[in-house]
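Here is the structure we will look at, set down as structure tokens.
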Amino acid sequence: MTKNINDNYTTFAAKYDRLFDSDMYQDWLSYVTQYTTPTNVLDLGGGAGRLGVLLAEHQYQVTVLDLSPDMLSLAQTHASHANVDLTLLQADMREFSDWSTAYPLIVSFADALNYLPNIADLEAALIQVFDHLTDGGMFLFDVITPYQINVGYDNYYYNNDDDPENILMWTSFAGDEMNSVDHDLKFFVYDETIDGFKIMREIHHEQTYSLATYEQLLAKVGFQNIEVSADFGRDDIQEDTTRWFFKAVKP
């Protein structure tokens, strides 16, 4: 299985896991269950397994694929606490052709595809999804929109010091490429050996594209019946939509 030693999350996987609002995972769960019934599912870029655990609790048989062994370790911990089973697969979503299992359902949420650095990598990941779907299989995913990157993250700053165990400074800057953003994440972690705080810092790069680009790539790879919505499938997309939700089918 292809692995990459340059894992963005190695230094603070557990803290990064806490950044997403837990309510969003319930919304992602609802988005999946409104279109599908319990089946075998691959969660692409599934990270710490938050959604995977919820799906498993709803009788889905879940494989979580992620590049980071630290994230997958957290996924195992979350699964054990919830008393559910997850299959954990450490691999690069751009190339996992040596994993021969095909799925009737593949999902990818929480900006996973936005972390791919360029459009060639995105296409490679979509090809892998297509190749690992059974005929008639469905791909459900979301991405942040250019509006979110260029407006929502414009001069974005978040500072959380309410919890002394998780002091965070998050600042976002426009990336060098069109429709990209760099997130500067700093966690301040208390170290009793020095009776002070150490800074754990990483820069996370996100990239998105126009809606037409996503639709064209999906069609190029071979997907059909492509549908796009907003608000976890509850609404039509608008100019100020911050996250697009896609449903695409392998014929």
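Structure above, values below:
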| quantity | calculated |
| --- | --- |
| Residue within segment 230-242 that is under 26 Å from HIS132 (Cβ atoms) and surrounded by 13 or more Cβ atoms within 10 Å (Cβ to Cβ) present | yes |
| Some residue of segment 150-165 being closer than 23 Å to LEU29 by Cβ, out of contact with any Ser or Thr (no Cβ under 8 Å at 6 or more places or on another chain) and not aromatic (Phe, Trp, Tyr) | no |
| Tally of residues being open to solvent by 60 Å² or more (accessible area, probe 1.4 Å) and either modelled with pLDDT under 80 or not in a strand (DSSP E or B) (or both) across segment 182-218 | 10 |
| Selection status of PHE141, touching a Ser or Thr at 6+ places or on another chain (Cβ under 7 Å), among the aromatic types (Phe, Trp, Tyr) and under 21 Å from THR241 (Cα atoms) | yes |
| Among (1) more than 14 Å from the chain's Cα centre (by Cα); (2) modelled with pLDDT of 95 or more; (3) surrounded by fewer than 21 Cβ atoms within 10 Å (Cβ to Cβ) - the single one VAL53 does not satisfy | (3) |
| Strands (runs of 3 or more DSSP E) within segment 90-164 that include 3 or more residues on the phi < 0 side of the Ramachandran plot and out of contact with any Leu (no Cβ under 8 Å at 6 or more places or on another chain) | 133-144 |
| Test: THR171 is in the same structural domain as PRO117 (by the TED database) and either polar (S, T, N, Q) or surrounded by fewer than 16 Cβ atoms within 10 Å (Cβ to Cβ) (or both) | no |
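The values are calculated or read from the model by the stated rules, or taken from the named source; none is laboratory data. Predicted model, so just to flag it, every value in this text is computed and none were measured. Cβ atoms come from the backbone with ideal geometry, glycine included; neighbour counts cover every protein chain shown. Keep in mind that these areas ignore ligands, DNA and RNA; they rest on the heavy atoms of the full protein, side chains included. Shrake-Rupley method; radii C 1.70, N 1.55, O 1.52, S 1.80 Å.
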